[in-house]
Every structure is written in structure tokens, then in C-alpha cells.
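Engineer: Here it is, the structure, as C-alpha cells.
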């Protein structure tokens, strides 16, 4: 996994790069993921219980880096002009409604840092899984397609 993502979008980057290399992803629709956190009753409770500045920052930052890597120039331009500001406004509105100024600040820093970091990132070519990736991920489910 690419360490640039830190906490989010790495799980999406992996199959995108594999797809460019000619692999196809296989999923198990019956799989379940268990998280070691309390389920929330609603969106406001989710923000209050799970919202951390760390999470808000990296979701905001990594979204832009991911799009820079995988979108074509027109898609990336549309993302920068329409979608990224819309995501930013939507999330900061929720954070403001919950009076979570710490999350507003983290989201804003992630938004700006994502734009700065994306300038240094080029579109990624296809990859070939390294021995290190395979060892750390266990047996991967990418099949040559």
C-alpha cells in the first residue's frame, strides 16, 4: 500500500493501480468487516463519537491526491472546480452544525494540503505488486485478467 495515504484511500488506490496493470479485482460480497468502535445512532452522534481531527484531515487531503493520480485531466478539472469544493462545504457544514470547530480546521488544512501535495504527485502508471506489498497484505486477491 502506498504510504502517502496514511489512513484513507489506500484501499481504493491498490485495486486502481492493479487494474491499470491488467489485474482484475475479485470481491466476496458476503464478507463482513468488524470495527472496534461503538455504532452510532445517527449522523450527529457519528460526528460526535468518531470525529477526530486526524480523520477529517486525511479524508480531505487524500481525496485530492487520489483524484490527481487516477482522473484524466478533464475529470480532475471538474473535480477541482465542482466536487472538491462541494465535499468541503458539505463536511464543514456538518462539522459546524455539530459545533466541532476542531474538525472544520482539520478539514480545511487537509483541503489545502491535498491541493499542495497533488501538485507534486503525477498520474500513476500501472504497478506490479512488490514482494514487500504481498508479504504485508498476505495473499492478495488480484487476478490477471
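Engineer: Being farther than 27 Å from residue 95 by Cβ, at pLDDT 85 or above and surrounded by 18 or more Cβ atoms within 10 Å (Cβ to Cβ) is the requirement here; does residue 17 meet it?
Structural biologist: So residue 17 fits the description; yes.
Engineer: If you don't mind, another one. Just one of (1) at pLDDT 85 or above; (2) closer than 26 Å to residue 108 by Cα trips up residue 23, so point out which.
Structural biologist: Evaluating residue 23 over (1) at pLDDT 85 or above; (2) closer than 26 Å to residue 108 by Cα leaves (2) as the failure.
Engineer: Does segment 27-50 include one or more residues that are closer than 20 Å to residue 105 by Cα, modelled with pLDDT of 75 or more, surrounded by 13 or more Cβ atoms within 10 Å (Cβ to Cβ) and in contact with a helix residue (DSSP H, G or I) (Cβ under 8 Å, 6 or more places away or on another chain)?
Structural biologist: no
Engineer: Going by what's in this entry, would residue 113 be described as touching a helix residue (DSSP H, G or I) at 6+ places or on another chain (Cβ under 6 Å), touching a residue at least 40 places away in the same chain (Cβ under 8 Å), part of a helix (DSSP H, G or I) and loosely packed, with under 15 Cβ neighbours inside 10 Å?
Structural biologist: Criteria not met by residue 113.
Engineer: Hey, among the residues in segment 116-145 that are exposed (fewer than 10 other Cβ atoms within 10 Å of the Cβ) and outside any helix (DSSP H, G or I), which one's modelled with the highest pLDDT?
Structural biologist: This residue is 122.
Engineer: Pick from 89, 74, 80: which is assigned to a helix (DSSP H, G or I), over 19 Å from the mean Cα position of the chain (by Cα) and surrounded by fewer than 17 Cβ atoms within 10 Å (Cβ to Cβ)?
Structural biologist: 74
Engineer: Taking the condition touching a helix residue (DSSP H, G or I) at 6+ places or on another chain (Cβ under 6 Å), over 19 Å from residue 62 (Cβ atoms) and touching a residue at least 24 places away in the same chain (Cβ under 8 Å), does residue 107 pass?
Structural biologist: So residue 107 fails the test.
The values are calculated or read from the model by the stated rules, or taken from the named source; none is laboratory data. Model, not experiment: these values are computed from the prediction. Quick reminder, even Gly has a Cβ in these numbers, built from the backbone with ideal geometry, and neighbours come from all protein chains shown.
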